[in-house]
Each structure stands twice: as structure tokens, then as C-alpha cells.
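S.K.: Can you read through this structure? Questions will come right after.
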Amino acid sequence: MDMPLAVRPVPETTDQDPRWRRIVARDRAADGLFWYAVTTTGVYCRPSCPSRTARPENVRIYDSREAARAAGFRACRRCRPDAAPVAEARAIVAAACRHIEQAETVPTTEELAAACGWSVAHFHRTFRAETGLTPHDYAAAHRDGRLRAALAGGATVTAALYEAGFGSSSRFYAHADRALGMQPSAYRKGGAGESLHFAVGQCALGAILVASSGRGVCAILMGDAPDALLRDLQDRFPKATLIGGDAEYEQRVAQVVAFVEAPGTGLDLPLDIRGTAFQRRVWTALRAIPPGQVATYRDVARAIGAPQAVRAVAGACAANALAVAIPCHRVVRTDGSLSGYRWGIARKRALIAREGAVLP
Ligand SMILES: [Zn+2]
């Protein structure tokens, strides 16, 4: 043998090598384990190559394609030994999926291809053949799942989007409606045919009413008098059946009160956010403003990609039914003054001061 192998006793001749029988048998299970080259044709093959079996004295066996190429052989056109066999492709794609799932930020297709030593085109094609998705779509689907899990676990949107691997907030906004599963069809005007549990309590900012549908907290209202809050709830959900006085639900209100008094802790309850597509875009942007910071209506308009819609942004803030959970109190006028707050300017000022924000 002219190519001694470091890790295996060198057989006297090819036909004494146990791998030779697998070549003769065109054993598919041997693909990816070794390659053989034929000195008379100058090509190297995978063991399962359908070409006529060469004479063993003309065959050289290699542990890698690189070794065969280094010895001057070129890839056979019939068995395409440089293309990964199915099992190998599957393993590589599976490894790429795990890599996507575990990465802090979503890797690019170029990075994934480089990690497995394939061209971008070949990686893309193979990944799609194995998973039915492009690497990009797979990453997006996985990221959305993580986002939903993080939000369901009570993380703030800002924390959730970083946890889920959104590299930038603009990509998140572009994506949020789909990611959060807030389809327009879920918006049921007036709450027809549904029951809402509600309870009224007191917090440091005055009276607070919390209401929930089967999907989550749908209203957090604040004011001076509990009965005014109940009328507000009825106005917002005129067709819903309102159920009060539920001891188990009162417990939930305690959680919301604790959150309202310290918004930085996050609210460990799902939200049932209802509104038009535009309102929900605005509210998603508001939820990305961390405690201790404020933004102007203009900032929010820019953040949702509608820089001219400053007045409409203010309207969406006023329509918010989830005080503090959708932090419309963190939005101020460009000059830093506190314009209208549905639940009173004094409460808005108190919330901002409590969070330690510095006004522009
Ligand atoms: Zn071949």
C-alpha cells in the first residue's frame, strides 16, 4: 500500500481489507464512513457507487474525501461522493436545527452553512428538503415559539424579545402581530357572548378594576371611585356578561395590584389584548419601553414605521384598556409635558416618578 493509514493495521492488499467487501456489496450503510478511488479512471467514489466494480489492485481506500482529493483523484459523476448521503445530510440538518435553537441570536444561513462545511446553496437546498422550511423560516418559527413561551412565563416584552433572539426591535415590530398570535379575528367587538370575571380593589394610586376573559387579563382600569370603573368596564364590553365576587379571582387582582405598584417586576399573567391592527402595533411598541424610560408620541410613531401618525398613536394610547401592563403612561409630549392620561394626569405623574424616569 502506498497510503498507510495511521489508525488501522494496513492490509496487505485491497481485497484483504474488510471494507473491500462493502464496496463489492455497494453497501449504502458504508457511505460517509470511507471512500475509494480507482487508479485507472482517476475518480473516487462512495462505497455504494453503481459503477462497475473495479479490480481490487486498482482500488485505494480513503478515510476522507479530502485524502482522496489530496492523492489527485476527482469526484465520480455517478455517485457524487461530495454530496452528503441521506443519513449524513439528516444528521447535519438536525445539528443545524439544534444550533438555531440554542443560539443567543439567530445565526445567518451563511454561518450555518460554514459550520457544516457546505456551500450556502447546498445547505439551503438540503435543509429545505429535510425540514420543509428554509433555515430562515425555521429560525423564525422557533423564535416565535420562544417569544410566546417567554411572554406566557411573565417576562416583559423587552426581555422576551431578547430572550427569543430578536436582534433588533425593528425586526420585532415588523413581526410582532404574527409572533404574538394576535389575529384580527380574535378581536371580538363588545365581548358578545363571553363572560368576564372582574374584581375591584385599592392600590396606592386609588381604585383599580381588573377583568379577565378566558384568554387573559383584558382590562386594568384605575380611578377614584370603584363604581365609575365598573361603568367604564361595561362601556368597553357592552355585550359581555360580567361576573364579580369570585374569591379565586380576587387573588388575581392582588397580583395585578402588586404589579401596578412595582411595574419593574413584570406581570405574571397572560394578557388578552384587543384592538385594531394599528392599535396593537402601538401597544406592542409601548410594551417595549422599559420601566424608568419614557418615549414621545413621535418616537412611538417612528418605532412602528408610521412617523406621520403621531395623532393616531396618541389615540391608540388613549384607547388602551390595560393600564400599566400596556404602559401608555411612559409616553409624553415632545416637550416632556404630560398630556392626557385616561386615568388622570396625577396618576401618570406618580407612575413615571415611581419608575424613576427622567422626562426629556
Ligand atoms: Zn462513483
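S.K.: For residue 108, what accessible area in Å² do you get when you roll a 1.4 Å probe over the heavy atoms of the protein chains, rounding to the nearest 10?
M.R.: It works out to around 60 Å².
S.K.: Right, another one. So, taking all protein chains as they sit and a 1.4 Å probe, how much accessible area belongs to residue 252, in Å² rounded to tens?
M.R.: Here the accessible area works out near 90 Å².
S.K.: Run the 1.4 Å probe and let me know the accessible area of residue 138, rounded to the nearest 10 Å².
M.R.: Surface open to solvent at residue 138 totals about 40 Å².
S.K.: Same structure again: Taking just the C-alpha trace of segment 58-112, give me its Rg and Dmax in Å.
M.R.: 15.7, 51
The values are calculated or read from the model by the stated rules, or taken from the named source; none is laboratory data. Treat the numbers as computed from the prediction; the structure is a model and nothing was measured. We work out accessible area using only protein heavy atoms, side chains counted, and drop any ligands, DNA or RNA first. Shrake-Rupley method; radii C 1.70, N 1.55, O 1.52, S 1.80 Å.
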